[in-house]
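Have a look at the structure below before the remarks.
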Amino acid sequence: MKKDNLTYQKAYNFAVRIVRVSQFMAERRAFVLSNQILKSGTSIGANISEANRAISDADFSAKISIAYKETLETKFWLSLMKDTDYLTSRQFESLHRDADEIGKILFAILRKMRIKKRREN
């Protein structure tokens with residue numbers, strides 16, 4: 001996976017949005033939520049970045065798997081923030097849709113890697 005690929009770009013753009021949401025949450029003194037969404041939401045792109053320079057297929061799969069799991073965690077925090085009125089439905093839908101799209105891409109990559117591994121064995 002190259003650093004300039006679509007998945008990386010989507011994750012990076014998502015991370016920028018998450019940093020802004022985190023800043024907004026911190027301004028509202030919701031520090032725990034701010035920290036949690038910041039960690040999980042930016043970790044997606046960071047792990048994709050690490051996967052870009054993976055030293056093996058196993059390393060690549062591990063990093064993509066972590067990124068995928070971070071999308072799931074981020075969606076949890078987004079839902080919690082919506083249900084506790086920190087995010088409007090519109091904000092939530094936009095962010096959740098982006099996280100879901102990234103997650104689907106990452107899951108498809110993982111599925112392809114598993115198929116590749118089976119063929120090699």
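The fraction of all Cα pairs in the range 6-120 landing in successive 5 Å bins from 0 to the largest distance is 2, 13, 23, 22, 15, 11, 7, 4, 2, 1, 0, given as whole percents.
Sorting 106-112, 29-35 by average packing, meaning the other beta carbons within 10 Å per residue, from highest down gives 106-112, 29-35. A straight Cα-to-Cα reach below 14 Å connects K116 with the aspartates and glutamates D57, residues fewer than 8 places away in its own chain not being considered. Sorting 53-59, 70-76 by average packing, meaning the other beta carbons within 10 Å per residue, from highest down gives 70-76, 53-59. Along the axis of the charge dipole computed for the chain (Cβ charges of +1 for Lys and Arg, -1 for Asp and Glu, origin at the Cα centre), the listed residues S40, H96, A54 are led at the positive end by A54.
Taking the inverse of the average 1/r across all pairs of different Cα atoms in the range 82-121, what Kirkwood radius in Å do you get?
Kirkwood hydrodynamic radius for the range 82-121: 12.1 Å.
We did not get these values from a lab; they are worked out from the coordinates using the rules stated. Keep in mind the model is a prediction, meaning the values are calculated, not measured. All Cβ positions, glycine included, derive from the backbone under ideal geometry; neighbour counts span all protein chains shown.
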